[in-house]
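Chemist: The following block contains the structure, expressed as structure tokens.
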Amino acid sequence: KCALVLLGRTPLAKEAASWVRMSPGELAAMKQRLWEDLKADKTIKKATPALLEREFAKVRKAIDLHRAIEAMSLAGSKVLYLQADMADPGAVAKAVKAALKIHGRLDFIVHAAGLEESKTLADKKLEDFDRVFKAKALGAHNLMKCVPPVRGQRWAFFSSVVGRFGNIGQTDYA
């Protein structure tokens, strides 16, 4: 059996286990309740459809994450998910330390973190570029700095076909 340690920015909401079992109609009703809550929230200047989509995307991401973990578990893997922003050296160090405490060593490290926020370079703000670039580049650096080397250890770094074939809106992602 394979023991997997997954690091990701997406919070694994406790409710995701029940959300994943909801029908499309139940999810639509949940999204409608969220819309009503956003409109009633006095701390929000104005509830907009864009805000609703951004907030409900958190639910979708948690569902997708839970499904992925569930599929890996059903395939026979022991899965540990730790929330960590790969661009944050402290968060990566904390997650690696937690993984080492449980598993003792890390034999195969796969770095596939990435954010995709397509815009032409001319239309992209510096902070947008940095956020996308740092997830991949700084994430790799942080992992290499935090994971202690062991004999026979293997590393794999994922990029994107964008790096080979190009995409006008993904200079930072490539």
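Chemist: If the label point is 7 Å along Cα→Cβ of Thr120, which residues in the stretch 149-169 have backbone nitrogen under 18 Å from it?
Modeler: 166-169
Chemist: When a/c is below 1.5 the answer is rounded, else prolate if a/b is larger than b/c, else oblate, so apply that to the stretch 4-49 with a ≥ b ≥ c taken from the square roots of the Cα gyration tensor eigenvalues. Mind dumping the intermediate values first?
Modeler: Values: a/c = 3.28, a/b = 1.51, b/c = 2.18.
Because a/c hits 1.5 or more and a/b fails to exceed b/c, the stretch 4-49 counts as oblate.
Chemist: Same structure, new question: For the pair Lys101 and Arg60, how long in nm is the line joining their label points, each one 7 Å along Cα→Cβ?
Modeler: Here the answer is 3.5 nm between the modelled labels.
Chemist: Please list Lys42, Lys119 in order of solvent-accessible area, largest first, computed with a 1.4 Å probe with all protein chains present.
Modeler: On the way: Lys42 180, Lys119 95 Å².
Ranked from most to least accessible, the order is Lys42, Lys119.
Chemist: Something else about it: Going by amide H atoms built from the backbone, whose H comes under 5 Å of the H on Val110, apart from near neighbours?
Modeler: Ala156
Chemist: Mind listing the long-range amide H neighbours of Tyr81? Cut-off is under 5 Å, sequence gap 5 or more, other chains count too, H placed in the peptide plane at 1.01 Å from N.
Modeler: The list, which skips near neighbours in sequence, is Leu6.
Chemist: Skip the ligands, DNA and RNA, and give the accessible area per residue of the stretch 64-174 with a 1.4 Å probe, whole Å². It would help to have the intermediate numbers written out before the result.
Modeler: Working: 7120 Å² over 111 residues.
Heavy-atom SASA per residue in the stretch 64-174 reads 64 Å².
Chemist: Along the Cα-to-Cβ line of Ala112, 7 Å from the Cα, sits a label point; which residues in the stretch 121-156 have backbone N less than 12 Å from it?
Modeler: Those under the cut-off are 156.
Chemist: Going by a ≥ b ≥ c, the root eigenvalues of the Cα gyration tensor, does the stretch 1-141 fall in the rounded group (a/c under 1.5), the prolate group (a/b larger than b/c) or the oblate group? Present the calculation step by step, with values, prior to reporting the outcome.
Modeler: Numbers: a/c = 2.31, a/b = 1.27, b/c = 1.81.
Oblate is the answer for the stretch 1-141, as a/c is 1.5 or above yet b/c matches or exceeds a/b.
Chemist: A follow-up question, please. Percent of accessible area on the stretch 17-85 owned by carbon and sulfur, 1.4 Å probe?
Modeler: Numbers: 2670 of 4600 Å².
In the stretch 17-85, the share of accessible area belonging to carbon and sulfur is 58 percent.
Chemist: Moving to a separate point now. Largest first, what is the accessible-area ranking of His66, His111 with a 1.4 Å probe? Please report the intermediate quantities before stating the final value.
Modeler: Values: His66 40, His111 5 Å².
Largest accessible area first, the list is His66, His111.
Chemist: May I ask you to evaluate 6.51 cos²θ - 1.76 cosθ + 1.60, the Karplus curve with θ = phi - 60°, for each residue of the stretch 60-68 and list the ³J(HN,Hα) values in order in whole Hz, giving x for glycine and proline?
Modeler: 4, 5, 5, 5, 4, 5, 4, 4, 5
The values are calculated or read from the model by the stated rules, or taken from the named source; none is laboratory data. Fair warning: this is a prediction, and the values are worked out from it, not measured in the lab. In this analysis, Cβ positions are derived from the backbone assuming ideal geometry, glycine residues included, and neighbour counts consider all displayed protein chains. For accessibility, only protein heavy atoms count, side chains too; no ligands or nucleic acids. Shrake-Rupley method; radii C 1.70, N 1.55, O 1.52, S 1.80 Å.
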